[in-house]
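Step one of this worksheet: look at the structure below.
The values are calculated or read from the model by the stated rules, or taken from the named source; none is laboratory data. Nothing here was measured: the structure is a model prediction, and the numbers come from that model. Cβ: placed from backbone, ideal geometry, glycine included. Neighbour counts: every protein chain shown. The accessibility values were calculated without ligands, DNA or RNA, using every heavy atom of the protein model including side chains. Shrake-Rupley method; radii C 1.70, N 1.55, O 1.52, S 1.80 Å.
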Amino acid sequence: MHHPVEHFPTQEELEKAVQILRGAKRIAVLTGAGVSAESGVPTFRGAGGLWEGHSILEVATPEAFEDNPALVWRFYNARRANLRTVKPNPGHYALAALEERWTSTHFTLCTQNIDGLHRAAGSRQVLELHGRLTRVRCTVCTLIEDRPGETLDELPRCPQCGELLRPDIVWFHEMLPADVWLQAALAAEECDCFLVVGTSAVVYPAASLVDLARTVGARVIEINLDQTEVSHLVTLALHGKSGEILPELVKRLG
Ligand code: OAD
């Protein structure tokens, strides 16, 4: 992993990005934890990343939940508590402004994040590929409930059937919600401009949206502090903080 350095794109890189955006009829976006980093939500794989101190296998797989639901709930209750203190940053608002400009029929935001900050910033067409941390679902019956702001019990029970609740998010080894994934793949196939923002692009199938967009001839712009696994696929890489670069692009679009 390279060490991220304080960067900001050059004038010509920004101008090139604005030109690509100006020519775009349909935009699709994939965001990752990096877009929420400036809101104080920890990323997963950077220094001090969330997984440190926790091996993924002990807190983010169905097997881990089977073996030790109390530990998994302690981990997710801590992340739920962190959500109460975080707010969208200028990067989230800039993406909502881009959707405003292209309208929701021509702008689809696919996120791997489960923090709900895109919707909190006003984005409407948001595909939450990995679910949402405020939502819980029953491990037995069909109950799904959005429970924002609450600290749940160590082993929360379903109000409908009394069985154990789980976070309504996607763990490793689990399938993405099929309808959400289909919409995301369609958005990537139909776009002529694809923005990939703040993701290390190592988790599939989310990361495959980048190649899907490129395969249909879309221009791909990456915004990241660092090089990533998809940097070789992009038309233009803008290095720096998404909370600074995205508002700059919106400003230059006028
Ligand atoms: P990662 O932590 O793997 O990657 C975060 C990316 O954001 C890195 O490439 C950083 O360089 C970049 N970054 C950090 N701060 C940034 C900033 N201010 N501006 C721009 N870029 C910045 O997070 P994800 O790629 O989202 O899945 O991880 C993908 C998935 O792995 C998550 O959805 C989660 C995790 O396991 C599940 O839980 C299923």
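Residue count for the range 192-217 satisfying the condition of being open to solvent by less than 10 Å² (accessible area, probe 1.4 Å) and within 15 Å of residue 17 (Cβ to Cβ): 5. Output the residue which, of all residues in the range 130-178 that are in contact with a Pro (Cβ under 8 Å, 6 or more places away or on another chain) and among the aliphatic types (A, V, I, L, M), is farthest from residue 57 (Cα to Cα). Checked the range 130-178; the qualifying residue farthest from residue 57 (Cα to Cα) is 143. Taking (1) open to solvent by less than 60 Å² (accessible area, probe 1.4 Å); (2) in a loop (DSSP other than H, G, I, E, B); (3) farther than 30 Å from residue 214 by Cα in turn, residue 140 satisfies each apart from (1). Looking for something under 16 Å from the mean Cα position of the chain (by Cα), on the phi < 0 side of the Ramachandran plot and away from the ligand (no atom under 11 Å from the Cβ) - is there at least one such residue anywhere in the range 189-196? Yes, some residue in the range 189-196 is under 16 Å from the mean Cα position of the chain (by Cα), on the phi < 0 side of the Ramachandran plot and away from the ligand (no atom under 11 Å from the Cβ). Going by the conditions given, is residue 188 under 21 Å from residue 16 (Cβ atoms), among the hydrophobic types (A, V, I, L, M, F, W, C) and not in a strand (DSSP E or B)? Against the criterion (under 21 Å from residue 16 (Cβ atoms), among the hydrophobic types (A, V, I, L, M, F, W, C) and not in a strand (DSSP E or B)), residue 188 does not qualify.
Inspect all residues belonging to the range 168-179 and state whether any of them is surrounded by fewer than 12 Cβ atoms within 10 Å (Cβ to Cβ) and among the hydrophobic types (A, V, I, L, M, F, W, C).
yes
Test of understanding: among 183, 160, 227, which residue is out of contact with any Ser or Thr (no Cβ under 6 Å at 6 or more places or on another chain), not in a loop (DSSP other than H, G, I, E, B) and not hydrophobic (A, V, I, L, M, F, W, C)? Spell out how you get there, then give the answer.
On the way: 160 fails: not in a loop (DSSP other than H, G, I, E, B); 227 fails: not in a loop (DSSP other than H, G, I, E, B).
Of the residues listed, the single one that is out of contact with any Ser or Thr (no Cβ under 6 Å at 6 or more places or on another chain), not in a loop (DSSP other than H, G, I, E, B) and not hydrophobic (A, V, I, L, M, F, W, C) is 183.
Checking each residue in the range 11-34 for being more than 20 Å from residue 100 (Cβ to Cβ) and either of a type in the set (A, V, I, L, M) or touching a Leu at 6+ places or on another chain (Cβ under 8 Å) (or both) picks out 13, 14, 16, 33, 34. Residue 152 satisfies every condition listed in (1) closer than 20 Å to residue 83 by Cβ; (2) in a loop (DSSP other than H, G, I, E, B); (3) open to solvent by 60 Å² or more (accessible area, probe 1.4 Å) except (3). Within the range 170-224, the residues that satisfy the criterion of being touching a residue at least 40 places away in the same chain (Cβ under 8 Å), over 27 Å from residue 76 (Cα atoms), out of contact with any helix residue (DSSP H, G or I) (no Cβ under 7 Å at 6 or more places or on another chain) and among the aliphatic types (A, V, I, L, M) are 187, 195, 218.
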